[in-house]
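Shown next, in structure tokens, is the structure this report addresses.
Read-outs throughout are calculated quantities, based only on the coordinates presented, and are distinct from any laboratory measurement. Keep in mind that what you see is a predicted model, and the values were worked out from it rather than measured. Here the Cβ positions follow ideal geometry from the backbone for every residue, glycine too, while neighbour counts run over all protein chains shown.
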Amino acid sequence: MKKPIRFTTVAMYTFISIASFFSAFPFFWMLSAATNKSVDVIKGKLFFGTYLIENVKQLLAVTNITQAFWNSTRNTVIGTLVSIFVCSLAGYGFQIYRDKAKDRLMGILMISMMVPFASIMVPLYRMFSRVHLLNTTLGFILPSLATVFLIFFFRQSSASFPMEIVQAARVDGVGELGIYLRIYMPIMAPTFAAAAIITFMANWNNYLWPLIIMQKQESRTMPMVLTGLTAGYTTDYGILMLAVTICTLPTVVLFFTQQRRFVEGILGSVK
């Protein structure tokens with residue numbers, strides 16, 4: 001005999017369905033708007049149109065989006081890899097090595113998170129202009145090379161890392177770098193995946209700092225191109241939505257391909 005469906009179950013699935021619809025609708029509207037004329041988007045047309053090819057041609061005519069996409073990809077990938085390596089080493093060291101002063105240092109680092117970026121923006125710009133790092137990938141990634149959030153994230157995740165393995169590896173003569181590369185990284189793979197997604201999205205969507213240091217047209221990134229499409233007297237929303245779709249795709253693909261590891265990494269950092 002089948003069990004009767006409870007009202008709470010129906011209410012829960014109804015709420016989830018409604019929430020899912022409102023969460024997915026902006027993405028559907030973005031995709032459909034990319035295939036329509038600007039006037040159709042303004043009118044609120046929700047169905048896919050036949051203006052995609054024309055929007056692509058106009059987008060390529062008014063912006064150098066291929067160069068901007070390459071700039072964002074290069075800066076983001078390099079910045080993410082370097083930042084993950086530096087912050088994971090710091091988080092590993094804060095948790096594995098025993099020292100009374102490390103907790104005080106971590107406390108100072110946590111306090112530094114309260115300093116707004118706007119307060120250090122001008123000194124950073126003057127510093128980077130003096131050492132000729134404007135319009136460079138190095139200038140893009142240096143301010144976010146080591147973030148306190150990622151260091152704290154890796155430190156919390158490393159709290160569940162078995163110290164017995166580290167001690168056994170030291171007895172067997174494995175160096176500290178070897179322990180990190182051959183033992184720590186494979187075991188903490190979900191944490192690395194979660195940190196990579198967070199860092200990738202932050203670097204990809206970074207706008208203020210690139211706006212300051214990327215002063216040449218050939219150095220512009222995707223967020224800067226999107227802003228440029230809305231800077232005129234009139235905005236072509238079909239072209240704008242196409243550019244937004246292109247800008248959104250890398251983060252969407254990364255998240256959905258690493259979704260399971262992302263959840264595992266976030267849960268592991270909370271334990």
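With the crude spin-label approximation of a point 7 Å out along Cα→Cβ, what separation in nm comes out for ALA231 versus PHE21?
4.0 nm
Grab the chain and count how many Lys pairs have their alpha-carbon atoms under 22 Å apart, sequence gap of 8 or more, or different chains.
Close lysine pairs found across the chain: 4.
For the chain, compute the orientation-averaged projected area of the C-alpha convex hull (one quarter of its surface), in nm².
22.7 nm²
So which chymotrypsin sites (Phe, Trp or Tyr not before Pro) in segment 1-106 pass both tests, a DSSP loop state and at most 11 other Cβ atoms within 10 Å of the Cβ?
PHE47, TYR97
I'd like the FRET efficiency for ARG182 and TYR97, computed as 1/(1 + (r/R0)^6) with the beta carbon distance as r and R0 of 25 Å, rounded to 0.05.
0.85
If I take all pairs of Cα atoms in segment 1-143, what percentage of them are more than 24 Å from each other? Provide the component values of the computation, followed by the final result.
On the way: 6849 of 10153 pairs.
Looking at segment 1-143, the distances longer than 24 Å represent 67 percent of pairs.
On a full-extension model of 0.36 nm per residue, what is the gain between PHE28 and THR8, subtracting their alpha-carbon distance, rounded to one decimal in nm?
This chain segment gains 4.2 nm when fully extended.
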